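**Student:** Before anything else, here's the structure in question.
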Amino acid sequence: MGFHSVEKIGGTSMNDYAAVRDNIIHRPAGDTLYQRVFVVSAYGGVTDQLLEHKKTGQPGIFASFANGVKDDSWQDLLIELKRRLFAINEALFPERDLLTRANEFIGSRLNEAERCLTDLKKLCQHGHFALDIHLATVREMLASIGEAHSAWNTAQLLQRDGVNACFVDLTGWKTNRHISLDERIQSAFKDLDLDTQLPIVTGYAHTDSGLMSSFDRGYSEMTFSRLAVITGAREAIIHKEFHLSSADPRVVGNENAVPIGRTNYDVADQLANLGMEAIHPKAAKGLRQNQIPLRVKNTFEPEHSGTLITSDYISDKPCVEIIAGCRGIFAIELFNQDMAGNYAQSDSAILGIIERFRGHVVSKDINANTITHYLSTNLKTVKRICRELENLFPEAEINQQKVAIVSAIGSDMQVPGLLAKTVAALAEQDISVLAMHQSMRQVDMQFVISEDDWESAIQSLHRYLVEVHDHGRAICLAS
């Protein structure tokens, strides 16, 4: 185990350089600015423009390019992105020479990317070349631009402000070496002196297998995790624009949401399953296996120690730590009486179709003749999945419905009667429970409800299970 920390700065935090410099860089946990490694995300919203909007699915450059060889709308989006990145540079670099260098750096990458895409379009107009087989590489190339921009800028700005920062480019831009993530990290760090240098590392890393093929938009968290593991960090830290709190402050109110303070990786996995990730589950795996604690901090409240996540933490008393949930969930219900007593084969076939279309399963229900999967995906994907299911199970009745899921989560929720109390809290607000699930592990309870009831359900559960207790952090229910 080393003396250093590996820290990741989120995109919204990156939008405020002064806060990053003053609240993170100049406020180290120890007595030196160094012995820290920073992995940075692209500036907030930039990756959405490069790929597609993470929440709405609105096409970015990649999605527009992937539409077909005769559609050149991606070029307009590229011009728009270039204007935005130059505007970011203009706001960050009042010094004319630094601004010129910053624009030359990111401008050259954008120009090279445009040439690659233009040449690929022309090539794929020939019948022997198919665009589809190149799209994964195109997605990786475009994604790398955002983190290269923010990391280069941050290193230059910190150097200007008296910190011996260095830009560590893991994007493999123009590389002729296709190596693993671990090898790329080891190669980049072998000559760095953490006692005297502050590495600013791109969140995207080029690998021989393609980081995005496995982690998609979670790639920066995987880079962050592997960096911590390979370099033997004493702690991994994520700086976000909010605390890991008992509920979303925008839903329950800032005055009611409380920072968690302590929890474990099991709880972090449950949050990730709902799309409210503290860290991608596969990235958390490496930290957990190597006993590296993860701390989640609020960039804009630097005096707060944040939430510490470890493998072995269990609350002193059974607790609900977080009320979380997700909207826009699609329930796909397959009813088939021929399945009774032998649903395993059908379930395997259904999951195969869902995986083929990359639908994320949040939860599922099974009884004698019905299997329902709750998917976090878009309507277009749901329709494709349903068409395949209809072809595979012509005798079945297949229904789809848009719903929401709310969940009570904690490292230990073995409280007698808790489930009944939770259902009562929903009933008091006239919220009908469409389905529910609680595992024997007692770390979460999930309730499927109408999408219209999502916000009031979060508020009700938080009020009933959290706010009723006069407590400084996660709320213990067994007292």
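**Student:** Bin width 10 Å, alpha-carbon pairs only: give the P(r) of region 245-295 as whole percents, running from 0 to the bin holding the largest distance.
**Tutor:** 24, 48, 23, 5
**Student:** Using a Cα-Cα cut-off of under 22 Å, which lysines could be cross-linked to residue 122, ignoring same-chain neighbours fewer than 8 residues away?
**Tutor:** Cross-link targets: 70, 174.
**Student:** Right, another one. Compute the accessible area per residue over the chain, keeping the other protein chains in place, probe 1.4 Å, unit Å².
**Tutor:** 45 Å²
**Student:** With θ set to phi - 60° and the Karplus curve 6.51 cos²θ - 1.76 cosθ + 1.60, what are the ³J(HN,Hα) couplings of region 196-212 in order, to the nearest whole Hz, using x for Gly and Pro?
**Tutor:** 10, 10, 10, x, 10, 10, 5, x, 8, 10, 7, 10, 5, 8, x, 5, 6
**Student:** Would you work out the Kirkwood radius for the chain? I mean one over the mean of 1/r across all pairs of different Cα atoms, in Å.
**Tutor:** 24.3 Å
**Student:** Could you pull out every one of the lysines with an alpha carbon less than 29 Å from that of residue 402, ignoring same-chain neighbours closer than 8 positions?
**Tutor:** List returned: 54, 55, 282, 364, 380, 383, 421.
**Student:** Find the centroid of the Cα atoms in region 76-129 and in region 192-225, then give the distance between the two in whole Å.
**Tutor:** Rounded to whole Å, the Cα centres lie 22 Å apart.
**Student:** What is the dipole size for the chain, taken about its Cα centre, with +1 at each Lys and Arg Cβ and -1 at each Asp and Glu Cβ, in debye to the nearest 20?
**Tutor:** 860 debye
**Student:** Turning to a different aspect of this structure: Residue-wise, which Karplus ³J(HN,Hα) couplings in Hz belong to region 149-156, taking 6.51 cos²θ - 1.76 cosθ + 1.60, θ = phi - 60°, and x for glycine or proline?
**Tutor:** Per-residue couplings from phi come out as 4, 5, 5, 4, 4, 5, 4, 5 Hz.
**Student:** So, one more: How many percent of all Cα-Cα pairs in region 243-395 sit more than 19 Å apart?
**Tutor:** Result for the distance tail: 63 percent.
**Student:** Now, a different point. Need one number: % antiparallel among DSSP beta bridges in the chain, to the nearest 5.
**Tutor:** 65 percent
**Student:** Give the residue from 464, 13, 360 lying farthest towards the positive end of the charge dipole for the chain; charges sit on Cβ (+1 for Lys and Arg, -1 for Asp and Glu) and the dipole is referred to the Cα centre.
**Tutor:** 13
**Student:** Among 128, 87, 98, whose Cα sits farthest toward the positive end of the charge dipole of region 86-135 (+1 at Cβ of Lys/Arg, -1 at Cβ of Asp/Glu, about the Cα centre)?
**Tutor:** 128
**Student:** Hey, what did region 269-372 get for relative contact order, percent, Cα under 8 Å, at least 6 apart? Let's see the in-between values first.
**Tutor:** Details: 81 pairs, mean separation 23.2, N = 104.
For region 269-372, the relative contact order is 22 percent.
**Student:** May I pose another question? Give a residue-ordered list of calculated ³J(HN,Hα) values for region 119-129 (Karplus: 6.51 cos²θ - 1.76 cosθ + 1.60, θ = phi - 60°; whole Hz; x for Gly, Pro).
**Tutor:** For region 119-129, the Karplus curve yields 5, 5, 4, 5, 4, 7, 6, 7, x, 7, 10 Hz.
**Student:** Let me ask something else. Enter the Cα centre distance for the pair region 234-274 and region 354-406, rounded to the nearest angstrom.
**Tutor:** 29 Å
**Student:** Dipole magnitude of region 173-212 about its Cα centre, charges +1 at Lys/Arg Cβ and -1 at Asp/Glu Cβ only, in debye to the nearest 20?
**Tutor:** The dipole of region 173-212 has a size of about 220 debye.
**Student:** What ranking do 408-418, 171-181 get when scored by the average of other Cβ atoms within 10 Å per residue, highest first?
**Tutor:** Packing proxy ranking, top to bottom: 408-418, 171-181.
The values are calculated or read from the model by the stated rules, or taken from the named source; none is laboratory data. Model, not experiment: these values are computed from the prediction. Counting neighbours? That spans all protein chains shown, and the Cβs are built from the backbone with ideal geometry, glycine included. Ligands, DNA and RNA are stripped out before the accessible areas are found, and what is left, the full protein with its side chains, is counted by its heavy atoms. Shrake-Rupley method; radii C 1.70, N 1.55, O 1.52, S 1.80 Å.
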